[in-house]
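Enquirer: Supplied in structure tokens, the structure appears directly below.
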Amino acid sequence: MNDPWEHHAKTPKDLLVDIMLDLPSLYQGIDEMKDRDRSITGLREELQQLASKTTGRLLQWGSEFATAVVSPRSDWQVPSNLTTDNIASAHLMTLYWASLMIAQNVYHIVFDEESDVVGIDLNDCCRNIIRCIPLFLHQSTGIFRQHLMPFPAMTAIRHLKSTRPPILKPEREFVLSLSENTEFAGMRQFMLSVQPQLLTGLE
């Protein structure tokens with residue numbers, strides 16, 4: 001008989017997902033703060049503690065498990081010898097960067113201020129995610145791209161829309177060019193089914 005799964009050490013992805021599970025609770029709490037019949041002060045303090053804890057855990061995860069990711073060339077082309085390990089690393093790190101972006105945005109809301117969490121740069125996270133998109137469009141990824149990329153890509157594109165050129169100009173131009181990429185068509189269709197206006201306003 002195999003050992004119960006609890007006896008096996010968690011992988012870095014398992015540990016990251018454990019942290020990500022706090023994010024829905026934060027958004028739920030933010031919605032509850034809008035209910036004027038509740039104790040806003042008490043709830044805000046509770047959310048501030050959770051937001052600080054979550055961002056701290058994410059940064060700690062990054063210091064322990066962050067891994068290098070293959071970068072596309074200046075023309076956004078990827079190496080022909082892309083491996084499954086390269087794809088796995090990109091998947092893990094795009095989840096991490098997207099989680100950092102969400103945690104930072106929630107932190108701003110619950111603390112009602114614009115100060116950033118030290119160690120989280122939203123533009124860098126956005127840039128890193130978008131520069132991974134070509135990896136998921138590589139033919140070796142196949143249909144799995146539909147499962148690996150939409151969440152991080154949508155998170156990055158939403159941030160991209162909040163910036164103005166020249167900030168992230170190359171990334172903006174690349175995302176706009178994807179409308180002509182047949183490999184991106186299925187993923188684009190899915191993302192627009194979730195958020196129809198996602199790609200509107202990038203020009």
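Enquirer: Identify the residue in region 86-126 that is within 21 Å of Ile30 (Cα to Cα) and of a type in the set (Asp, Glu) and, among all such residues, is surrounded by the most Cβ atoms within 10 Å (Cβ to Cβ).
Expert: Of everything passing the filter in region 86-126, Asp116 is surrounded by the most Cβ atoms within 10 Å (Cβ to Cβ).
Enquirer: Restricting attention to region 46-76, which residues are farther than 20 Å from Cys125 by Cα and surrounded by 12 or more Cβ atoms within 10 Å (Cβ to Cβ)?
Expert: The answer is Glu46, Leu47, Gln48, Leu50.
Enquirer: Return the residues of region 159-181 that are closer than 14 Å to Phe136 by Cβ and at pLDDT below 95; say none if nothing qualifies.
Expert: At the first step, the residues of region 159-181 found to be closer than 14 Å to Phe136 by Cβ are 174-175, 178, 181.
Answer for region 159-181, where residues must be closer than 14 Å to Phe136 by Cβ and at pLDDT below 95: Leu178, Asn181.
Enquirer: Out of curiosity, is Arg131 crowded, with 19+ Cβ neighbours inside 10 Å, touching a Pro at 6+ places or on another chain (Cβ under 9 Å) and not acidic (Asp, Glu)? Let's see the steps before the verdict.
Expert: Numbers: crowded, with 19+ Cβ neighbours inside 10 Å: yes; touching a Pro at 6+ places or on another chain (Cβ under 9 Å): yes; not acidic (Asp, Glu): yes.
So Arg131 fits the description; yes.
Enquirer: Ok, one more. With respect to the numbered conditions (1) assigned to a helix (DSSP H, G or I); (2) at pLDDT below 90, which one is the sole condition not fulfilled by Pro79?
Expert: Here Pro79 clears every test but (1).
Enquirer: Got a number for residues in region 82-133 being among the β-branched types (Val, Ile, Thr), in contact (Cβ under 8 Å) with a residue 40 or more places away in the chain and part of a helix (DSSP H, G or I)?
Expert: Going through region 82-133 one residue at a time, the tally reaches 9.
Enquirer: How about region 134-147: which of its residues are in a helix (DSSP H, G or I) and either among the aliphatic types (A, V, I, L, M) or in contact (Cβ under 8 Å) with a residue 60 or more places away in the chain (or both)? Steps first, please.
Expert: Of the residues in region 134-147, the ones in a helix (DSSP H, G or I) are 134-137, 142-147.
Correct list: Pro134, Leu135, Leu137, Ile143.
Enquirer: Would you call Phe174 within 20 Å of Gln195 (Cα to Cα) and touching a residue at least 60 places away in the same chain (Cβ under 8 Å)? Steps first, please.
Expert: Details: within 20 Å of Gln195 (Cα to Cα): yes; touching a residue at least 60 places away in the same chain (Cβ under 8 Å): yes.
Yes: the conditions hold for Phe174.
Enquirer: Give just the number: which of (1) under 20 Å from Ile129 (Cβ atoms); (2) touching a helix residue (DSSP H, G or I) at 6+ places or on another chain (Cβ under 6 Å) does Arg73 not satisfy?
Expert: So the condition that Arg73 fails would be (2).
Enquirer: While we're here: Only one of Ile109, Ile120, Ile133 is within 16 Å of Phe174 (Cβ to Cβ) and among the aliphatic types (A, V, I, L, M); which?
Expert: That would be Ile133, the only listed residue that is within 16 Å of Phe174 (Cβ to Cβ) and among the aliphatic types (A, V, I, L, M).
The values are calculated or read from the model by the stated rules, or taken from the named source; none is laboratory data. All values derive from a computational prediction rather than experimental measurement. Ideal geometry is used to build each Cβ from the backbone, glycine not excepted, and the neighbour counts take in all protein chains shown.
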